[in-house]
Number of protein chains: 2
Amino acid sequence: MSSPAHALADARLEFVTQWGVLGSAWGISRTMAMLHALLITSQVPLSTDEAMEALTISRGNANTNLRELVSWGLVRKVVQPGERRDYFEAEKDVWKIFCTVVRERKRREVDPALAVLRSCAERTASLRGSEAREFNGLMVAIGEFVELAARVMDRVAASERSKIVPAVLKLFK
Amino acid sequence: MSSPAHALADARLEFVTQWGVLGSAWGISRTMAMLHALLITSQVPLSTDEAMEALTISRGNANTNLRELVSWGLVRKVVQPGERRDYFEAEKDVWKIFCTVVRERKRREVDPALAVLRSCAERTASLRGSEAREFNGLMVAIGEFVELAARVMDRVAASERSKIVPAVLKLFK
DNA sequence: CTGAACTTTCAGTTATTACTGAAAGTATCG
DNA sequence: CGATACTTTCAGTAATAACTGAAAGTTCAG
């Protein structure tokens, strides 16, 4: 049996690694997901150099992905008193992380998809023929569905955990 | 202004293309997403050769991605009477498509993630020290959250649109 | 059986995406 | 200022994922 210190380090490493795997299955770069996992499991903010060393990645890679995490709003730069370099700290509240991801993916991917669906629906609205009408009906149906999803995402992203989770629990399960 | 026939073909092409883009942002291969878009916008089932031609892809690529779509349950093989070759037909009900995707991603990605989180929580449950306790608390918190998400996904995947959508509409918006 | 019609596989190639590291840029301090 | 400490950029390279096409496999009619 391994020592307690290793048990923690091992578990953390497994978490960081698997978070990376999961992220890449959902279209998030492995490194970005791993950096996120590293930061949320760190008690203290980390510098670029510390992150580089922990994941054995280059400065450029660390810099790019840390800034990307900041642009998602999942991580913020913090200043250590008397220090010149930037430190990074992740939001650790699971509900807030979830809301942020929902908000960003909605903005980055769902809204553009909605625009495409609307354009496809509009451009075929007045066409005749069963093929055109069927296509148009499908675009409208998918559009309405995605619109509903978008509304739910907006609402979730803006909500308090204490208000939504109990309601969801009541609705499902 | 272009002819009506082109307007439909153009809109369909835009939809197929953009569905591919959206898919790849969410970790689904572009070709698979495009094949899916092609099939749901087809009034008739398509053969492998027809799909190959429509997307200008190789036989191997078409075969692999069509089978993958079948394994997701989004597409089924159908036999045309008196025909030897396989034809493929997509489920067109938007709610059913959504449920299928939810069910499959839960099974393929969320369940494994849950296993990792539980393992990380268990392995650190009895460790002492503030770092270990904080890590363990985070694993438990994320685990509970993902478990809730998994339950919601199970429930959604098994539900009738007419029962869930109105309830969701009432809850959000 | 045999061959035609079709499907599947997979080694090799191509396309895409991610990463490196050195150079250029910026801010701060004495 | 000029030196130092740090951050950002990006051309080149590496890693990964996806695709091709020909060969092997399967099915079935005659």
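The values are calculated or read from the model by the stated rules, or taken from the named source; none is laboratory data. Everything quoted here is computed from the prediction, not taken from an experiment. Cβ placement follows ideal geometry from the backbone for every residue including glycine, while neighbour counts extend to all protein chains displayed. For the accessible areas, the whole protein counts, side chains as well, though only heavy atoms, and no ligand, DNA or RNA atoms are used. Shrake-Rupley method; radii C 1.70, N 1.55, O 1.52, S 1.80 Å.
Can you tell me which of A:Arg123, A:Arg151, A:Arg118 is over 19 Å from B:Arg161 (Cα atoms), basic (Lys, Arg), at the interface with chain B (Cβ under 7 Å from one of its Cβ atoms) and assigned to a helix (DSSP H, G or I)?
Numbers: A:Arg151 fails: over 19 Å from B:Arg161 (Cα atoms); A:Arg118 fails: at the interface with chain B (Cβ under 7 Å from one of its Cβ atoms).
After ruling out the rest, the residue left standing is A:Arg123.
Filtered by the rule that a residue be in a helix (DSSP H, G or I) and either touching a Pro at 6+ places or on another chain (Cβ under 9 Å) or more than 10 Å from DNA strand C (Cβ to nearest atom) (or both), segment A:68-97 gives A:Leu69, A:Val70, A:Ser71, A:Trp72, A:Val94, A:Trp95, A:Lys96, A:Ile97. Going through segment A:17-43 one residue at a time, which ones are within 10 Å of another protein chain (Cβ to nearest Cβ), part of a loop (DSSP other than H, G, I, E, B) and open to solvent by 50 Å² or more (accessible area, probe 1.4 Å)? The answer is A:Trp26, A:Gln43. Among the residues of segment B:126-140 satisfying the criterion of being open to solvent by 40 Å² or more (accessible area, probe 1.4 Å) and within 7 Å of chain A (Cβ to nearest Cβ), which is farthest from A:Lys92 (Cα to Cα)? In this case the residue turns out to be B:Glu131.
Look at B:Leu169 and say whether it is at pLDDT below 95 and not β-branched (Val, Ile, Thr). Taking the combined requirement at face value, the residue satisfies it. With respect to the conditions (1) part of a helix (DSSP H, G or I); (2) within 16 Å of DNA strand D (Cβ to nearest atom), A:Glu104 lacks only one, and its number is (2). If the condition is being over 19 Å from the mean Cα position of the chain (by Cα), under 23 Å from B:Val101 (Cβ atoms) and away from DNA strand D (no atom under 13 Å from the Cβ), then segment B:44-76 contributes B:Pro45, B:Leu46. If you check A:Ala113, A:Ala150 for being at pLDDT 95 or above, closer than 30 Å to B:Ser3 by Cβ and surrounded by 14 or more Cβ atoms within 10 Å (Cβ to Cβ), only one passes: A:Ala113.
Free of Cβ contacts under 8 Å to residues at least 40 places away in the same chain and more than 30 Å from B:Met32 (Cα to Cα): does that describe B:Ala167? Before you say what the answer is, go through the steps one by one.
Working: free of Cβ contacts under 8 Å to residues at least 40 places away in the same chain: yes; more than 30 Å from B:Met32 (Cα to Cα): yes.
When the stated conditions are applied, B:Ala167 passes them.
For segment B:50-67, the count of residues that are within 15 Å of DNA strand C (Cβ to nearest atom), part of a loop (DSSP other than H, G, I, E, B) and open to solvent by 50 Å² or more (accessible area, probe 1.4 Å) is nonzero.
Taking segment B:109-160 as the range and being closer than 19 Å to A:Asp10 by Cα and aromatic (Phe, Trp, Tyr) as the test, only B:Phe135 passes.
Within segment B:6-16, is even one residue among the acidic types (Asp, Glu), within 12 Å of chain A (Cβ to nearest Cβ), open to solvent by 70 Å² or more (accessible area, probe 1.4 Å) and within 30 Å of A:Arg128 (Cβ to Cβ)? Yes, segment B:6-16 contains a residue that is among the acidic types (Asp, Glu), within 12 Å of chain A (Cβ to nearest Cβ), open to solvent by 70 Å² or more (accessible area, probe 1.4 Å) and within 30 Å of A:Arg128 (Cβ to Cβ). Contact annotation: no residue pair with Cβ atoms under 8 Å, 6 or more positions apart or on different chains, pairs a residue in segment A:20-45 that is touching a residue at least 24 places away in the same chain (Cβ under 8 Å) with a partner that is part of a helix (DSSP H, G or I) and surrounded by fewer than 16 Cβ atoms within 10 Å (Cβ to Cβ).
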